[in-house]
Amino acid sequence: MTLFLGSLQLGLIYGLLALGIYITFKIMHIPDLTADGSFTLGLAVSAVLASAGYPVVGIFLAVLAGALAGATTGFLQTKIAIHPILSGIITMSGLYSINLYVMGARSNITLIGTPTLFSMARSRFDFVDFNLLRLVILLFFALGLWGALTWFFKTHLGLSIRATGDNEAMVKSSSINITATKIIAISLANACIALSGAIVAQYQGFADISSGVGIMVIGLASVIIGELIPLRKGVANGFLTAILGSILYRLMIALALQSNLFPAYALKLISALIVGIALSLPALRHYLAFRKIRKESV
Amino acid sequence: MKKISVLLILVLILTTMSLSLFGCNNASSQDDALQVGIIQLLDNGAFEDMREGFIAQMRSHGYSETQLDFDYRNAQGDMSNLNAICQEMVNSQKDLIVTIATPPTQAFVNMESDIPVIFISVSNPVGAGIMTDLNFPDKNATGTSNAIPIDEMFKLSQRLTPGMETYGLLYNTSEINSVTTINQAKEYMDTNGLSYEEAVVTNSSEVQQAAQSLVGRVDALFIPNDSMIQSAMPQVSEIAKEAKIPVYGSSAVMVASGAFATISISDTEIGQLSADMAHQHLQGTPIEQIPAVVVSSFTTVINQTTADALGIELTEDILTNAVFLD
Amino acid sequence: MLEIINGTKKFNEGTGSEQTALNQLNLKVGTGDFLTVIGSNGAGKSSLMNAISGGFYLDKGKILLDGHNITYLSEHKRAKVIGRVFQDPSKGTAPNLTLEENLALAYSRSQKKPLQIAVSKKDQQVFKNLLAQFDMGLENRLKDKTGLLSGGQRQALSLAMCIIASPKLLLLDEHTAALDPSTAEKVSVITDTLIRQNGLTAIMITHNLSNAIKYGNRLVMMTAGTISTEISGEEKQNTRPSALMELYDQDPVLY
């Protein structure tokens with residue numbers, strides 16, 4: 001059961017990442033490339049503080065750091081009027097050096113043998129199977145963040161942010177300050193992404209500077225796969241699909257891993273194919289419906 | 001459409017679950033072949049040589065294909081996949097796990113499973129948390145460390161090209177092996193009155209400019225056991241050759257690609273050494289009793305063409321003891 | 001309550017396509033005035049709206065609102081007290097938010113608590129009552145997404161959003177121009193009713209000459225960036241659309 005439970009766990013951890021990407025990608029419609037950098041920042045902060053003996057503080061500070069990274073991108077986009085994609089790239093590039101600095105100019109920190117959130121929970125609840133315990137902890141984080149974001153986006157501030165992403169022209173000429181809403185949205189998104197990185201570090205037992213490479217793609221894939229899930233549209237359900245999409249994506253990878261039909265180097269191709277097929281379902285359905293109509297009209 | 005989606009999702013979940021369970025139960029009742037999982041983080045020449053060296057050596061120890069089955073997985077640079085691969089290996093209850101370089105080793109040791117680990121080329125096992133003492137593996141993992149013999153390297157440099165005072169350090173900051181080695185090199189140089197200039201890269205596209213930036217500022221280049229620079233060595237050695245700067249690399253592969261000289265062990269050999277340790281374990285020695293090996297058999301390897309291009313005269317004694325590549 | 005003094009705005013100054021949008025324009029609007037604005041294309045009507053709302057800043061001149069100099073105040077700060085309905089129905093509402101969410105957005109302008117839940121039961125009742133006045137059935141569709149509404153319904157919602165924010169000044173920028181005749185008529189009637197009911201001060205641009213005469217207490221015609229004619233009171237009520245049409249024909253072409 002290790003693989004199945006492990007996939008669920010990974011799905012929940014990267015679900016936090018997906019929640020962050022959901023905010024910038026689906027609510028704000030802004031392409032934000034800060035993710036690779038802010039994820040690693042969260043990872044680095046969490047690892048450094050955990051190895052110093054403060055795993056929980058590490059997670060809090062990681063979230064703050066992520067928010068700061070997001071605020072930087074937001075600032076570049078709004079006040080300095082740099083194109084959104086470039087703003088994200090600038091922050092992400094700068095963060096590479098900052099992350100190395102945070103890690104003390106090492107590219108790898110080990111947490112094997114130092115107290116982490118998970119090891120602390122294990123010593124407290126040693127009567128529970130460790131895999132199950134980790135799943136519960138991760139569920140707590142995922143559901144907690146989901147609840148918090150759902151609440152936030154139903155407040156006035158959250159509504160203003162959603163409106164900014166929906167019809168910027170309208171919001172610009174209303175009394176809402178779109179500079180503020182954009183910066184807050186991007187900060188919040190990257191805080192979630194950094195949280196994901198922080199938990200990954202303590203989950204996998206080490207922090208490596210390359211851990212954030214390709215994280216943006218993983219987040220986007222999770223969000224887009226989540227769109228396939230048939231739930232009634234709404235703020236709460238939207239966020240839920242991000243988490244579920246992440247879990248489904250991990251299950252797809254697990255499936256790809258278990259098949260021995262393909263050589264090792266084909267892993268990414270296989271997972272890309274699986275994702276591609278899943279995403280082509282809407283187009284397939286349209287085509288089949290069209291064929292049906294044509295048939296009946298003959 | 002909704003129904004199809006829900007159905008597909010359920011199928012996905014059930015398939016993965018059942019395969020996962022099936023893997024759990026089935027592994028033990030499989031045919032007698034030993035199941036060995038090999039985990040690699042990404043693709044490059046160095047890792048490939050290590051892996052193939054390992055496999056070839058295992059075969060030559062007498063484990064035929066029916067007796068020993070290799071399951072090789074590559075995370076292709078994606079750390080999240082690395083975790084999934086480790087989970088899958090535990091799930092399918094392998095008999096032995098072989099990890100190449102630091103991140104896969106850390107990821108697997110962190111899983112705290114019963115499956116023993118042989119690691120290939122982790123330059124600082126204690127620093128990586130994989131064991132507390134090189135001589136007493138305590139986390140069910142042992143293997144080879146490719147720590148570069150720094151002092152021997154610089155002594156070689158003084159012998160072959162005396163008078164070098166400033167060294168250029170070219171490496172990839174994302175590889176912990178490189179960073180560890182570079183730090184050791186800096187310590188050595190500080191104690192021995194040598195100075196250095198650094199040029200770092202994070203991406204293979206940056207190598208050319210990094211190398212060029214060192215021209216004119218340094219007398220020689222030192223490249224640690226860095227897989228990214230190794231892949232780009234042809235470029236680096238061209239630039240160095242033109243500027244008449246000798247490049248001291250950390251593997252025979254680097255020298256074959258144009259670096260001037262090295263004093264180290266080949267990646268293939270490291271793989272073979274790790275295979276010997278794996279063989280020792282499979283014959284019955286428990287992991288705790290197999291100390292980690294810091295590889296120390298050194299051959300001086302020199303590139304003749306590069307030597308000629310740099311106008312370096314080689315003494316009789318070097319000519320007889322070194323291995324020459326062009 | 002609103003005063004524009006010598007307002008001037010030029011576009012593309014110094015180039016071959018220089019245009020004077022507003023040319024030393026002077027206008028005084030008193031509290032409770034309902035001004036209709038007519039004029040040919042390019043006369044400066046929309047520029048007048050943009051100058052007042054803050055869409056651009058004047059090159060020369062001053063704008064005073066209740067005595068305060070707002071000439072260089074940003075658009076979103078002015079939007080707290082100036083409401084605006086655009087010609088394009090899609091510009092005034094957020095299509096993926098529901099009707100009640102759009103109204104809540106507008107309603108929150110008067111509130112100071114950003115972390116309060118946006119749509120409360122009390123607010124829902126206020127929204128229902130307001131929308132019921134439009135007689136379009138919108139009060140039963142509070143939870144529908146705005147994108148599903150027709151153009152006329154979206155304009156009605158935009159209008160409702162402006163009203164609910166209790167603005168000092170309401171700007172209507174040809175807001176019925178994109179609607180079919182029957183819906184346009186409905187929206188015009190409701191506009192007039194709501195303005196008079198709430199005692200709002202309003203400026204309405206329209207190409208519909210009979211509406212320009214029927215609604216409001218003052219009619220103003222713009223030509224080449226200034227006000228060329230003003231009619232008010234009884235004289236206004238007795239004017240014929242054909243008379244206004246003649247004024248149009250006399251208007252020299254701006255470019």
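The values are calculated or read from the model by the stated rules, or taken from the named source; none is laboratory data. Small disclaimer: the values here were computed from a predicted structure and weren't measured. Heads up, the Cβs are rebuilt from the backbone with ideal geometry, glycines too, and the neighbour counts pull from every protein chain shown. Calculation scope for accessible area: heavy atoms of the full protein, side chains included, ligands and nucleic acids excluded. Shrake-Rupley method; radii C 1.70, N 1.55, O 1.52, S 1.80 Å.
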Might you report the magnitude of the Cβ-based charge dipole of the protein assembly as shown about its Cα centre, with Lys and Arg at +1 and Asp and Glu at -1, to the nearest 20 debye?
5120 debye
Provide the FRET efficiency to the nearest 0.05 for the B:Q280-A:R285 pair, computing r from the beta carbons and using R0 = 60 Å.
0.55
Of A:K233/C:K143; B:K155/B:K244; B:K155/B:K186; C:K91/C:K128, those spanning more than 18 Å from alpha-carbon to alpha-carbon:
B:K155/B:K244; C:K91/C:K128
Treat every Asp and Glu Cβ in chain C as -1 and every Lys and Arg Cβ as +1, leave all other atoms uncharged, and give the resulting dipole magnitude about the Cα centre to the nearest 20 debye.
1060 debye
Grab the DSSP H runs of chain A that are 4 residues or longer, score each as -39,500 (n - 2.57), total them, divide by all residues and round the 222 nm result to the nearest 500 deg cm²/dmol.
-25000 deg cm²/dmol
When the Kirkwood hydrodynamic radius is evaluated over all pairs of different C-alpha atoms of chain C, what value in angstrom, to one decimal, is obtained?
19.1 Å
Can you give the three extents of the C-alpha atoms in the protein assembly as shown along their principal axes, from longest to shortest, in whole Å?
117, 64, 62
Relative contact order for chain B, counting Cα pairs under 8 Å that sit 6 or more residues apart, in percent:
18 percent
With a Förster distance of 60 angstrom and the Cβ-Cβ distance between B:Q67 and C:Q124, calculated FRET efficiency to the nearest 0.05 equals 0.20
Per residue of A:242-254, count partner chain C-beta atoms within 10 Å of its C-beta, then hand back the mean as an integer.
3
Anchor C:K10: lysines whose Cα lies under 20 Å away (excluding residues fewer than 8 positions away in-chain)
C:K45, C:K60, C:K62
Could you state the number of Å between the C-alpha centres of region C:176-210 and region A:179-216?
51 Å
Contour minus Cα-Cα span, A:R124 to A:L269, at 0.36 nm per residue, comes to 48.0 nm
Distances longer than 26 Å among the Cα atoms of chain B: what percent of all pairs is that?
51 percent
Please state the relative contact order of chain A as a whole percent: Cα pairs under 8 Å, 6+ residues apart?
35 percent
Reduced to Cα centres, the span from region C:1-69 to region B:50-80 in Å works out to 79 Å
Alpha carbon convex hull of chain A, volume per residue in cubic angstrom
171 Å³
Please list, ordered by chain and number, the residues whose modelled amide H lies under 5 Å from the amide H of B:V201; skip anything fewer than 5 residues away on the same chain.
B:Y171, B:N172, B:T173
For chain B, what does -39500 (n - 2.57) per DSSP helix run (n ≥ 4), summed and divided by total residues, give at 222 nm, in deg cm²/dmol to the nearest 500?
-14000 deg cm²/dmol
What does the average come to when, for each residue of peptide A:201-209, you count the partner chain Cβ atoms lying within 10 Å of its Cβ?
6
Per-residue HN-Hα couplings for region C:13-19 [Karplus 6.51, -1.76, 1.60; θ = phi - 60°; Hz; x = Gly/Pro]
5, x, 9, x, 9, 5, 10
How large, in percent, is the carbon and sulfur part of the accessible surface of region A:2-258 at a probe radius of 1.4 Å?
71 percent
Need the list of aspartates and glutamates near B:K94 for cross-linking: C-alpha distance under 13 angstrom, and skip anything on the same chain fewer than eight residues off.
B:D31, B:D32, B:D69, B:D71, B:D114
For region A:231-289 and region A:57-83, compute the distance between their C-alpha centroids and round to whole Å.
30 Å
GNM on chain B, Cα springs under 10 Å; top mean-square fluctuation among B:G127, B:G271, B:G193 goes to B:G193
Have a look at C:N140, C:A202, C:Q153 and report the one farthest towards the positive end of the charge dipole of region C:123-255, computed about the Cα centre with Cβ charges (Lys/Arg +1, Asp/Glu -1).
C:N140
Helix C:181-198 against the longest principal axis of chain C: what's the angle in degrees, Cα atoms only, rounded to the nearest 10?
80 degrees
Computed on Cα atoms, the radius of gyration and Dmax of region C:22-116 in angstrom are 15.7, 47
Could you calculate the contour length gain from C:A132 to C:A243, that is, 0.36 nm times the residue separation minus the distance between their Cα atoms, to one decimal place in nm?
36.2 nm
Any idea how far apart B:Y188 and A:I293 come out in nm if each label point goes 7 Å out from Cα toward Cβ?
7.4 nm
Helix-derived mean residue ellipticity, 222 nm - over chain C, DSSP H n ≥ 4, -39500 (n - 2.57), to 500
-10000 deg cm²/dmol
Using a Förster distance of 41 Å, the FRET efficiency for C:E18-C:S150 (Cβ separation, nearest 0.05)
0.50
Any aspartates and glutamates with Cα under 14 Å of the A:K182 Cα? List them, leaving off those in the same chain fewer than 8 positions away.
A:D32, A:D166, A:E168
Once phi for every residue in region C:92-102 is put through the Karplus expression 6.51 cos²θ - 1.76 cosθ + 1.60 (θ = phi - 60°), the whole-Hz ³J(HN,Hα) values, with Gly and Pro written as x, are x, 9, 9, x, 8, 9, 6, 4, 5, 5, 4
Expected vector for region B:82-89, Karplus 3J(HN,Hα) from phi with 6.51, -1.76, 1.60 and θ = phi - 60°, integer Hz, x for Gly and Pro, equals 4, 4, 4, 4, 4, 4, 5, 5
Have a look at C:H76, C:Q125, B:L319 and report the one farthest towards the positive end of the charge dipole of the protein assembly as shown, computed about the Cα centre with Cβ charges (Lys/Arg +1, Asp/Glu -1).
C:Q125
Helix B:2-26 sits at what angle to the longest principal axis of chain B, using alpha carbons and giving 0 to 90 degrees rounded to 10?
80 degrees
For B:Q208, net neighbour charge (Lys/Arg +1, Asp/Glu -1) across residues whose Cβ lies under 13 Å away:
-3
Could you work out how much longer the chain between A:V217 and A:V136 gets when fully extended? Use 0.36 nm per residue separation minus the Cα distance between them, nm to one decimal.
26.5 nm
Return a whole-number percent for the relative contact order of region A:1-93, with Cα pairs under 8 Å and 6 or more residues apart as the contact set.
30 percent
Of C:K186/C:K236; A:K79/C:K113; C:K145/C:K214; A:K79/C:K9, which sit over 29 Å apart, Cα to Cα?
C:K145/C:K214
